Amino acid sequence: MENLIYFWLTELPYGKELREAVSDPLYYRKDRVLWRNYEASYDVQELEPPNRRISTYVLQEYFIPVEKFDKFYPLMKSILQKHDVNVVNISIRHAKQDSGSLMAWGRSEVFSFVIYYKQRVYASAKNEVGVWTRELIDAVTSVGGAYYLPYQLHATVTQFHKAYPNANRFFALKRKLDPKYKFRNKLWDKYYFHNEDDQKIRLTLDSLKDYTRNEDQTFLTLPEWYIVFSSEEYANFLKYNLPSDFPYFSSIIQFWKIYGKVVKKTWNSYEFNWGYHLMINVIGVSYSAELMLKSLYENTFGRCTEWIAGTNGLTSETNVEAYMQKVARDYTDFVRLRPWYEYPFYSKFKEFWTIRDGDNTSFVRRWERRFFFSTELLIKAVYGKLIGLGTESVYEPETLELKAWIKENGKSNILSIPRYQTFTQTVPKLVSKNISFVEIAGNRQILLTLIVPCEVNLRDREEVLYEWNILTEPNQKRVAVVAPVSRLHEILINSVKNGFKVDHIFDY
């Protein structure tokens with residue numbers, strides 16, 4: 001019966017309102033003052049959910065100096081309501097001062113707020129709980145209180161020390177009595193640093209406002225970068241082939257398959273970023289439409305003018321098509337460093353009209369190519385301008401550097417590294433200098449792509465998100481590897497030894 005009531009209360013629409021209007025008035029219609037021993041004798045099985053595959057019940061506890069009760073209560077209420085926390089109940093208890101323990105949660109006489117709530121068991125749900133839990137910890141420490149340590153480890157190191165100001169004295173005893181750090185658990189691993197310099201690094205990073213970037217971004221940027229890879233393949237393909245032979249539709253299929261793998265990876269592991277997924281879909285639809293139109297055009301009008309011109313490639317006089325190839329390569333280099341919509345399409349359009357073919361080229365092919373490429377540049381110039389304006393109004397300006405916690409010869413340090421393609425170029429150079437990484441932008445895993453021969457199987461040694469053949473290089477494939485940041489140096493070193501190309505490291 002208890003499980004049924006709790007399910008009704010926590011899962012059905014208006015469950016809490018019905019409790020307030022119907023259940024509680026019936027329950028409390030008579031005197032409900034009970035013996036304390038009776039209240040303490042409930043069978044814990046009554047609180048156990050039938051299973052924990054989807055959700056579970058959790059406790060949190062906050063200790064408030066008696067005189068700060070009225071100040072903390074409205075803060076707690078505001079935070080829980082803002083995040084729509086599925087609270088079952090909050091019980092209030094009393095405890096006297098603990099003046100002897102270094103890690104005392106009751107450094108004065110306190111009231112204890114015990115929050116009993118329900119949450120989903122997915123990693124994304126745990127991350128959401130972490131957000132409002134850290135806000136509650138900030139609220140409780142702002143009134144001189146503390147939180148109960150043994151529950152989920154959502155607090156930052158800075159918050160931990162603010163709630164337990166004698167922690168360093170306690171840690172000093174740990175270093176003295178356990179010099180080899182033999183006895184440990186997850187609580188120790190997060191908040192205790194056997195090396196005091198590491199603790200200083202942690203506290204410094206926690207104090208930096210823009211240090212942490214969302215870890216899901218390392219995956220969400222993969223579909224965007226696939227378009228960069230595809231542009232590079234297209235530019236390389238045109239050096240020796242006709243544009244009508246490019247595998248346009250296969251590129252579209254690869255994009256959406258990669259996006260599907262990204263959704264699967266991030267769905268239960270992170271809070272779903274609706275705004276970013278919308279942007280990926282807008283980009284993906286635009287990319288697909290562009291390639292479909294190109295394919296249809298190049299395999300009709302384009303192929304017809306190829307036949308009229310009677311050529312299988314560039315000559316010394318086909319300057320118009322040579323310029324188109326130059327722009328394709330230039331665009332690829334540009335988007336590795338800057339957003340595509342910042343590319344100077346209109347400037348290239350004006351420059352394009354200064355280019356002239358030689359007298360011995362096909363008049364039909366020459367003007368067909370001029371019409372086709374002019375139209376493409378003008379459409380992209382207008383569309384890029386609109387996307388740029390929309391991006392500026394929705395997103396804050398991007399930071400061009402991120403910070404990493406590194407280890408060099410066993411010593412910790414903080415290093416600023418430029419983002420985007422420069423990040424991919426810089427990290428292997430750092431690794432070659434015997435530098436490894438503890439975390440990057442507050443994260444412990446990162447995605448990278450390697451270019452390897454098709455016969456190579458990396459799945460037996462690394463976590464592979466997805467791999468796909470490079471359409472214009474039949475013997476090569478790209479492999480997206482999910483790397484623990486602590487092993488990034490090892491993976492890069494092994495890649496160099498095996499002759500693999502480090503294609504891109506996705507810097508959130």
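Charge dipole (Cα centre; +1 on Lys/Arg Cβ, -1 on Asp/Glu Cβ; no other charges) of the chain amounts to roughly 1220 debye.
Under the simplified labelling scheme, the Thr399-Phe371 pair shows an inter-label distance of 5.1 nm, with each label point 7 Å from Cα along Cα→Cβ.
The value of relative contact order for the stretch 401-506, using C-alpha pairs under 8 Å at least six residues apart, is 30 percent. Start at zero, step by 5 Å, and the Cα-Cα distances of the stretch 401-506 spread as 2, 12, 23, 25, 17, 11, 6, 2, 1 percent across the bins. Full extension of the chain segment joining Phe363 with Glu408 gains 9.9 nm, where the gain is 0.36 nm per residue of separation less the Cα-Cα distance.
Using only side-chain charges placed at the Cβ, +1 for Lys and Arg and -1 for Asp and Glu, the dipole size of the stretch 325-379 relative to its Cα centre rounds to 40 debye. Applying a DSSP loop filter and a limit of 15 other Cβ atoms within 10 Å to the GluC sites (Glu not before Pro) in the stretch 106-170 leaves Glu109. Less than 5 angstrom separates the built amide H of Asp503 from those of Thr449, Leu450, Ile451, all sequence-distant by 5 or more or on a different chain. For Ile470, the residues 5 or more places off, or on other chains, whose built amide H falls under 5 Å of its own are Gln476, Lys477, Arg478.
Working out 0.36 nm times the residue gap between Leu12 and Ile92, then minus their Cα-Cα distance, what length gain in nm do you get to one decimal? Mind showing how you got there, number by number?
Numbers: separation 80, 0.36 × 80 = 28.80 nm, distance 2.62 nm.
Here the segment from Leu12 to Ile92 would lengthen by 26.2 nm.
Estimated from the Cβ-Cβ distance and a Förster radius of 25 angstrom, the FRET efficiency linking Phe301 and Ala322 is about 0.80.
Averaged over all directions, how much area does the convex hull of the C-alpha atoms of the chain cover when projected, in nm²?
Numbers: hull surface 126.4 nm².
That works out to 31.6 nm², a quarter of the Cα hull's surface.
The translational diffusion coefficient of the stretch 59-207, from Stokes-Einstein at 37 °C and 0.692 mPa s with a Kirkwood hydrodynamic radius over alpha carbon pairs, comes to 200 µm²/s. In the stretch 217-394, inverting the average of 1/r over every pair of distinct C-alpha atoms gives 17.6 Å as the Kirkwood radius. Summarised in one figure, the compactness ratio Rg/Rh of the stretch 398-444, Cα atoms and Kirkwood Rh, is 0.95. So for the stretch 401-506, taking the charge dipole from beta-carbon charges (+1 Lys/Arg, -1 Asp/Glu), which of Asn475, Tyr420, Pro453 sits furthest toward the positive end? Going by the charge dipole, the pick is Tyr420.
Taking R0 as 22 Å, what's the FRET efficiency between Asp245 and Leu293 from their Cβ-Cβ distance, rounded to 0.05? Kindly include the intermediate steps, with their values, before the conclusion.
Numbers: r = 17 Å, r/R0 = 0.76.
Efficiency for this residue pair is about 0.85.
A simple spin-label model places pseudo-atoms 7 Å from Cα toward Cβ; at Tyr181 and Leu153 they are separated by 1.1 nm. Within straight-line reach of Lys264, meaning a Cα separation under 29 Å, sit the following lysines at least 8 residues removed in sequence or on another chain: Lys82, Lys118, Lys126, Lys186, Lys190, Lys403, Lys477, Lys501. Among residues other than Ile417 whose Cβ falls under 15 Å from its Cβ, what is the net charge (Lys/Arg +1, Asp/Glu -1)? Here the charged neighbours net out to 0. Full-extension gain between Ile355 and Val66, please, as 0.36 nm times their residue separation minus the C-alpha to C-alpha distance. Result for the pair: 95.9 nm of gain on full extension.
Filter the trypsin sites (Lys or Arg not before Pro) in the stretch 117-189 to those in DSSP coil with at most 12 other Cβ atoms within 10 Å of their Cβ, and list the result.
Values: sites: Lys118, Arg120, Lys126, Arg134, Lys162, Arg169, Lys174, Arg175, Lys176, Lys180, Lys182, Arg184, Lys186; in loops: Lys180, Lys182, Arg184.
The qualifying sites are Lys180, Lys182, Arg184.
The spacing between the stretch 194-264 and the stretch 322-364, judged by their C-alpha centroids, is 25 Å.
Which whole number of Å³ per residue matches the convex hull of the alpha-carbon atoms in the stretch 245-289?
Values: hull volume 2.4 nm³, N = 45.
Taking only Cα atoms, the stretch 245-289 has a hull volume of 52 Å³ per residue.
What the Cβ-Cβ distance of Cys454 and Lys30 gives, at R0 = 56 Å and to the nearest 0.05, is a FRET efficiency of 0.15.
Bear in mind these aren't lab numbers, they're just calculated from the coordinates by the rules spelled out. Everything quoted here is computed from the prediction, not taken from an experiment. Methodologically, a virtual Cβ is constructed for each residue, glycine included, from the backbone with ideal geometry; neighbour enumeration extends over all protein chains shown.
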